[in-house]
Amino acid sequence: MGNMITVTVNGKEHSGGVEGRTLLVDYLREHLGLTGTHIGCDTSSCGACTIHMDGKAVKSCTVLAVQADGSEVTTVEGLANNGSLHPIQEGFKEEHGLQCGFCTPGMMMTATDLLKNNPNPTEDEIRHALEGNFCRCTGYHNIVKSIQYAAKKMQSPA
Amino acid sequence: MTNYIGKSVKRVEDKRFITGQGKYTDDIKLNGMMYGYFVRSPYAHAIVKSINIDRASKMPGVNKILVGADIPEAIAGVPCGWQVDFKNGDTMKEPPHPLLVRKKVRHVGDGVAFVVAETRAQAKDAADEVDVDYEILDAVTCPKKATEEGAAQVHEDAPGNLCFDWELGNPKDEVAAAMAAAAHVTELDFSNQRVVPNAIEPRSAIGHYDTAYDKYTLYTSTQNPHLIRLLMCAFVLGIPEHKVRVIGPDVGGGFGSKIFHYAEEALVTWASKELGCPIKWTADRSESFLTDAHGRDHVSNAKMGFDSEGKIVALQAYTYANLGAYLSTFAPAVPTYLHGTLMQGLYTTPKINVDVKAAFTHTCAVDAYRGAGRPEATYLLERLIDLAALEMDMDPAELRFKNFIPAFDGVEQEGYTTQVALQYDSGNYDPVLKRALEMVGYEEFRKEQAAQSNGKLLGIGFSTYIEACGIAPSAVVGALGARAGLFEVAQVRVQPTGKVSVFTGAHSHGQGHETTFAQIVADRMGIGIDDVEIIHGDSDSVAFGMGTYGSRSLAVGGSAIVNSIDKVLEKGAKIAAHLLEASADDLEYAEGKWTVKGTDKSVSFGDVSLTAYVPHNYPEGLEPGLDFNAFYDPANFTYPFGAHVAIVEVDKETGEVKLKRFIAVDDVGNVINPMIVDGQIHGGLAQGIGQAMHEGTVYDETGQLINGSYMDYCMPRADDLPSFEIDRTVTPCPHNPLGVKGAGEAGCIGSTPAVVNAVIDALWKGGFKVKDVPMPMTPERVWTAMNN
């Protein structure tokens, strides 16, 4: 455990030792017990492990924990604010954007990144943004609607 | 009275999933837990000459390395749950499927050793150092080639690699005579390629032996915890069932692949006692590709004969079905009783014969994948009828209307008896296709298609399907070879305060049972949905259960819940009658209270519940408590049906296919939660379309799965699919109390042939009269079809 790192996850600072080869996703799941971030593949293809690192969506299976040293990380556990759901979480619930829930955290993290950069995306833009996230349950139909719901909600005054 | 049924109630379970609090097997961490990793064969067929674990055993953190020889002889291999006999009456070949191989590997991914270490990374490191000496042998991967002379043999005791041969329907000579008299015969040779279920959660299992209670707990990503317990205890480990608890926690999709009992489950359970610690194993995605049971993989020849009016007069189907290297739990049922029995489709075909040869090959096991046998039957029928329409220059929709079985409700009119051993429960087939044509704007589309002149070829493809769901009447499946009953179990426990806990043997891994079942309970009992909790997935809390597959949860499990509620209300009425000083016959139950008919005297459900548990003023001779279970064994399968239509555009220059629209009109009987049913349809469509356009395993001649990762196996992505246009008709099931038929597989069963038919239609209309484009229809394959 030769490498000391300090990472701020969902607003809370964590320091500890990790192996050089430890992936960020394993650090989050195994070291910090944040199991909301999932592992669905070993080729950075499925997107189930998507999180935000310094404000950008990244696949946490493609980042070493040591690379996250000094970073701000947000996971699905950090999406809601003081118990009130993020609009994207609300969207997934309202539009039935999830079934088994396994891809959902990664989907929502990718979607919030999309909406940050493109607050009013077209259906094509949403589908394009999701090409790195696999869902086997929903056929993506309601995921698209969930993101549209969130886009609308985030634009309308609170 | 209905406050919830038929409404799109938002899902109860969503909250934990959208906040990252779902609890999947790999999320569970037990004290002192070790991690297991498999050494798997890199060869499809080889003799294991030696295994050297010396260097690996000395690696950091390693606790134990198990090989085949470490497993006691008393531990049997993985069993098969369905027996299909040869035509001549001989029992199917059922070769052993050991937890770890001893002498010979039979597919890439076969388990050779199991390394247990303190961390997963350490177990993986040590697995790399296990030295296995293999003598490589020839392999066979195609089910047809496997049965040819000289093919490599998978099992010594299955000559010609034949597991069984099987036939159903009218005698072949009768079918041949009808075919010979036909005005037109359409014939097609085709493959229904092998696909990988690919639930996004990889399989995972944790074995934990508790010395204090002499009890094992297995956490596993399964669709049916009780079935795993039964198979593992009675047929593999020989440990008493009451000493094993199986928990299927949140499960990240199954699609069939998590029905089966896998070697890894038994191994971690057994090893947890041997090693004295809990052991977790979670598959890598590459490992999932090599070891999760695959789906489909048929090689077929089929003929459909028509009279001069376009009426179907005969159907003959020959299929070679690939079973893989070992028999998975339900494998023999899939190409037979879930496939041959569906060859009537929606049509009045008077003569049908289905002939199936099931073969072992040096590949991963094949078993039920969403639809299981029914998609293969639908593909065969629907490809033939659309192709026949092109060949006979008839409209494909008209040709179907001409051949549909007339409507029957199963109450006033009898169910429809097919030529292939089933009796359909209720059906009304014209309206689904009519509605689909309306949604398409069919006449307009045909005009647009005729006018197309931009180098793109427009095509439309149809598929009108039927499925047998609500699996299944136990006596019927028993007669067909099932080694289990297929009833379902429910327990409705009313708490003293009138809150209700419902225990179901069905298992939700995305289907939303916690919501749908609660809607039923709340409505039937006239209470709020928040007063109901659905509990599933734990063999120690749920009395028994057969689990979730074959679109059975609502039709079978939901019916068991209804029957339990009836028992609760019947007893409740006795208590209410006592409290109201009336006769139970004079009471009616509505909106959560019993009322003496014609009066305003009533007592609430909550008061009756409390009285049942505080029985001070109580009917003489009646037991306290309000807690009932029911075992529901369905009278028949259910038969959902529908019409799917695909519209594609084919690029003449590149062969690229764009799926422009997909229209689905399904009839799944009564609907409890439209939002959830729509979601099930969407997901099924994506998988069926995926098979048509993107997915398919590629085994090379040595038996390597060369696209065994998400980099290589093409999963359908969001930008590959359009938004779906869906609608439904409602033809209730006449034989279950909810009138429901099941919606889990419909999308996947109907959609695949519609897409392929659309491409064939586009090519014909563009002047390329090709009969088939093999799936998945890559641009290269479509281009080759146009240019050969």
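The values are calculated or read from the model by the stated rules, or taken from the named source; none is laboratory data. This structure is a prediction, so every number in the text was calculated from the model and none was measured. Please note: Cβ atoms are built from the backbone with ideal geometry, for glycine as well, and neighbour counts cover all protein chains shown. We work out accessible area using only protein heavy atoms, side chains counted, and drop any ligands, DNA or RNA first. Shrake-Rupley method; radii C 1.70, N 1.55, O 1.52, S 1.80 Å.
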Looking at region B:117-267 only, what percent of DSSP beta bridges run antiparallel? Nearest 5 please.
60
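Ignoring ligands, DNA and RNA, how do B:594, B:270 rank by accessible area with a 1.4 Å probe, largest first?
B:270, B:594
Suppose R0 equals 45 Å. What FRET efficiency, 1/(1 + (r/R0)^6) with r the Cβ-Cβ distance, do residue B:135 and residue B:301 give to the nearest 0.05? Write down the numbers at each step before the final one.
Values: r = 37 Å, r/R0 = 0.82.
Once rounded, the FRET efficiency stands at 0.75.
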Exposure ranking of B:106, B:400, B:524 by accessible area [1.4 Å probe, largest first]:
B:524, B:106, B:400
Simple label model, 7 Å out from Cα along Cβ direction - residue B:530 to residue A:14, nm
3.4
Rounded to the nearest Å, the spacing of the alpha-carbon centers of region B:594-671 and region A:14-51 is 39
If I take R0 = 45 Å and measure r between the Cβ atoms of residue B:184 and residue B:479 in this structure, what FRET efficiency does the formula 1/(1 + (r/R0)^6) give, to the nearest 0.05?
0.75
Can you give me the orientation-averaged projected area of the convex hull built on the Cα atoms of region B:629-788, in nm²?
13.1
Mind listing the Cα extents of region A:10-158 along all three principal axes, in Å, largest one first?
43, 32, 25
Given a 1.4 angstrom probe, what's the average accessible area per residue across chain B, in square angstrom?
34
Of the accessible area of region A:3-77, computed with a 1.4 Å probe and all protein chains kept, carbon and sulfur make up a percent value of 49
Bin by bin, in steps of 10 Å, what percent of the Cα pairs in the protein assembly as shown do you find, going until the bin that has the longest distance?
2, 12, 21, 25, 21, 13, 5, 1, 0
What figure, in Å² to the nearest 10, do you get for the accessible area of residue B:4 with a 1.4 Å probe and non-protein molecules left out?
50
Compute the length gained on full extension between residue B:417 and residue B:501: take 0.36 nm times their separation in residues and subtract their Cα-Cα distance, giving the result in nm to one decimal.
26.2 nm
What residues from region B:613-633 fall in the zone where the backbone N is under 12 Å from a label point 7 Å along the Cα-to-C-beta line of residue B:566?
B:630-633
Would you give the gap between the C-alpha center of region B:188-257 and the C-alpha center of region A:69-91, rounded to a whole Å?
33
Excluding ligands and nucleic acids, what accessible area in Å² is computed for residue B:219 using a 1.4 Å probe, to the nearest 10?
40
Mind grabbing the accessible area of residue B:26 for me, 1.4 Å probe, Å², rounded to tens?
40
Region B:164-219: GluC sites (Glu not before Pro) in DSSP coil with no more than 12 other Cβ atoms inside 10 Å
none
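Using a 10 Å cut-off around each Cβ of peptide B:19-32, what is the average number of partner chain Cβ atoms that fall inside?
The mean count of partner-chain Cβ atoms within 10 Å per residue comes to 5.
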Give the separation of the Cα centroids, region B:321-338 to region B:463-489, in Å.
15
For region B:448-521, how big is the tail of P(r) above 22 Å, as a whole percent of Cα pairs?
58
Computed from every Cα-Cα pair in chain B, P(r) in 20 Å bins starting at 0 and rounded to whole percents is 16, 47, 30, 7, 0
At 1.4 Å probe size, with the rest of the protein present, what percent of the exposed accessible area of chain B is carbon and sulfur atoms?
49
When B and A pair up, the total accessible heavy-atom area removed from solvent (1.4 Å probe), in Å² to nearest 100, is 4200
Using DSSP to define loop residues, name the trypsin sites (Lys or Arg not before Pro) in region A:1-93 whose beta-carbon has at most 15 other beta-carbon atoms within 10 Å.
A:21
Between residue B:770 and residue B:212, what is the label-point separation in nm under the 7 Å Cα-to-beta-carbon projection?
6.6
